[in-house]
Amino acid sequence: MTEDKNFPNETSENGEELITENITVESTEAELSATEKPTEVYDAETAARVRALAAANRFDDESEVLISLRNLQVFFKIGGGLFKETKYVKAVDGVSLDIRKGETLGLVGESGCGKSTLGKAILRLTEPTGGQVFYNGKDLAHLSPGEMRDQRKHLQMIFQDPYASLNPRMNVGQIIGEPIRTFGLKNGGSVEARVQDLMETVGMSRRFVKRYPHEFSGGQRQRIGIARALAVDPEFIVADEPISALDVSIQAQIMNLMERLQAEKNLTYLFISHDLRAVRHLSDRVAVMYLGKIVELAGGKEIYRDPLMPYTKALISAVPVPDPEIEAKRERIILTGDVPSPINPPKGCHFHTRCPYAIAECKQIVPQLVEIKPEHFAACIRISPEHPQIDENHAKGLGVVSEGAPVSQR
């Protein structure tokens, strides 16, 4: 069944005529699903091309740092008043981190640990309370609104909910074309042609340029969001749980699409997710976040092969193994208690209330993120380069083996 809809001609603010041709809206599910191109599940030729591009553009340990965070803080004020104490939710609490050009840095942690807030603070979608965000030598956290606007075409975001992030009153052509018009990036060609090229880049037919967000599936909407992010040719993209709202089969397509686009355009991703399988597939390095702080940072393969922090070990043990015999035999690490409130986090190490290896000093010393192994950082006073395995240290009765900062009395 089809329904013909004639849409009126529309004109942009500068008088430019937008896409005006009448279209036929197909209401069949088969037509809609046809735009989810199965070729994103690579054939051998495409996979080989992506691998070759990735090898040519892949970052290494000496790669240039693109984004550098220094003691980044995001606090949200709650309560307070004439006779009430002012309290703060410490969503991001002193994060220092470097993101290298061309890499995918995975950011994982439980819900509410501050992952999404950190990503938004980098782009100034949420204003930082303190700290610095360096991009190409400029501190984004302290730029004026006008100066920050000039940087936004280099820094984009893919949102978690593809439907909520798209304007329901705008069709696909207008949604993808808006950043091109906003930043004046026509480059001699028409906006319409650029929009159609972007739709094909993300695996959608250009015939659907006049359709509205509600006429697409979740995977198709996420492709539209990716096309919008790519419209300004950014260097850095924050992908905030881009696959969490999608079916498993569609998740694989979106991850393959992101991987291909990174290889072709040398993009840098901050990939935020609670799905450790997806993070393992996409990420070159992985940062683990707990209650506003980074507690472990290592290479993508290394952190799964040899996690150092008890919290990281518990997260990885929660990932099911697809072999039923192995899954039935393996022992999962169950953490006791709930995540503490970021309004009043525990003193010392934030994790000590749930840690099976906690000692009295964990309540008194704030652990620092230090390099335990080459390119493998952890924040725990019970592990050090000389004694990296906390379970062995605990069995030997070793106490504090690493330095930290004393608990603040404020």
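Assorted remarks:
- Filtering region 237-249 to residues that are in contact with a helix residue (DSSP H, G or I) (Cβ under 7 Å, 6 or more places away or on another chain), modelled with pLDDT under 95 and open to solvent by less than 30 Å² (accessible area, probe 1.4 Å) leaves Pro242, Ile243, Leu246.
- If the condition is being assigned to a strand (DSSP E or B) and in contact with a Cys (Cβ under 8 Å, 6 or more places away or on another chain), then region 349-403 contributes Ile365, Val366, Pro367.
- Test: residue in region 76-86 that is surrounded by 16 or more Cβ atoms within 10 Å (Cβ to Cβ) and in contact with a Ser or Thr (Cβ under 7 Å, 6 or more places away or on another chain): no
- Any hit, region 271-283, residues being in a strand (DSSP E or B), in contact (Cβ under 8 Å) with a residue 24 or more places away in the chain and closer than 21 Å to Val133 by Cβ: yes
- Ser190 vs. criteria over 25 Å from Leu140 (Cα atoms) and of a type in the set (Gly, Ala, Ser): yes
- Remark: pairs (first residue in region 84-111, without any contact (Cβ under 8 Å) to a residue 24 or more places away in the chain; second residue small (Gly, Ala, Ser) and open to solvent by 30 Å² or more (accessible area, probe 1.4 Å); Cβ separation under 8 Å; 6+ apart in sequence or on different chains) = Glu85/Gly79; Thr86/Gly79.
- When region 182-197 is filtered for residues that are among the small types (Gly, Ala, Ser) and outside any helix (DSSP H, G or I), the ones remaining, listed by number, are Gly184, Gly188, Gly189, Ser190.
- Count of residues meeting criterion [closer than 24 Å to Asn71 by Cα, at pLDDT 85 or above and open to solvent by 10 Å² or more (accessible area, probe 1.4 Å)] in region 311-339: 0
Conditions tested, residue by residue: (1) touching a strand residue (DSSP E or B) at 6+ places or on another chain (Cβ under 6 Å); (2) modelled with pLDDT of 95 or more; (3) surrounded by fewer than 20 Cβ atoms within 10 Å (Cβ to Cβ); (4) part of a strand (DSSP E or B).
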{"position": "Ile99", "(1), (2), (3), (4)": "yes, yes, no, yes"}
{"position": "Glu110", "(1), (2), (3), (4)": "no, no, yes, no"}
{"position": "Leu125", "(1), (2), (3), (4)": "no, yes, yes, no"}
{"position": "Gln132", "(1), (2), (3), (4)": "yes, yes, yes, yes"}
{"position": "Arg152", "(1), (2), (3), (4)": "no, no, yes, no"}
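- Criterion violated by Arg354 - all others in (1) more than 24 Å from Glu110 (Cβ to Cβ); (2) in contact with a Gly (Cβ under 7 Å, 6 or more places away or on another chain) satisfied: (1)
- Any hit, region 256-266, residues being at pLDDT 90 or above, within 25 Å of Leu198 (Cβ to Cβ), assigned to a loop (DSSP other than H, G, I, E, B) and open to solvent by 20 Å² or more (accessible area, probe 1.4 Å): yes
- Pair list, Cβ under 7 Å, 6 or more apart: region 298-321 residue part of a loop (DSSP other than H, G, I, E, B), other residue at pLDDT below 90 and surrounded by fewer than 17 Cβ atoms within 10 Å (Cβ to Cβ): Ala318/Arg332; Val319/Arg277; Pro320/Glu327; Val321/Glu327; Val321/Arg330
- Filtered residues of region 122-142 (kept if among the hydrophobic types (A, V, I, L, M, F, W, C) and more than 15 Å from Ser68 (Cβ to Cβ)): Leu125
- Ile343 vs. criteria β-branched (Val, Ile, Thr) and surrounded by fewer than 15 Cβ atoms within 10 Å (Cβ to Cβ): yes
- Criterion applied to Pro162, Pro179 was being surrounded by 18 or more Cβ atoms within 10 Å (Cβ to Cβ), in a helix (DSSP H, G or I) and of a type outside the set (Gly, Ala, Ser), and the one residue passing it is Pro179.
- Residue check for Glu192: at pLDDT below 95, open to solvent by less than 40 Å² (accessible area, probe 1.4 Å) and among the charged types (D, E, K, R): yes
- Output for region 165-176, where each listed residue is outside any helix (DSSP H, G or I), crowded, with 20+ Cβ neighbours inside 10 Å and of a type in the set (A, V, I, L, M): Leu166
- Scanning region 284-297 for residues that are under 25 Å from Val366 (Cα atoms) and either open to solvent by 30 Å² or more (accessible area, probe 1.4 Å) or assigned to a helix (DSSP H, G or I) (or both) turns up just one, Lys293.
- Within region 198-228, considering residues that are small (Gly, Ala, Ser) and assigned to a loop (DSSP other than H, G, I, E, B), the one surrounded by the fewest Cβ atoms within 10 Å (Cβ to Cβ): Ser205
- Close Cβ contacts (under 8 Å, 6 or more residues apart or on different chains) running from residues in region 366-378 that are of a type in the set (Gly, Ala, Ser) to residues that are open to solvent by 40 Å² or more (accessible area, probe 1.4 Å) and not in a strand (DSSP E or B) comprise Ala378/Leu369.
- Test for Arg206: is it touching a helix residue (DSSP H, G or I) at 6+ places or on another chain (Cβ under 6 Å) and not aliphatic (A, V, I, L, M): yes
The values are calculated or read from the model by the stated rules, or taken from the named source; none is laboratory data. Just so it is clear, the model here is predicted, and its values are computed rather than measured. Backbone-built Cβ (ideal geometry, glycine too); neighbour counts: all protein chains shown. We work out accessible area using only protein heavy atoms, side chains counted, and drop any ligands, DNA or RNA first. Shrake-Rupley method; radii C 1.70, N 1.55, O 1.52, S 1.80 Å.
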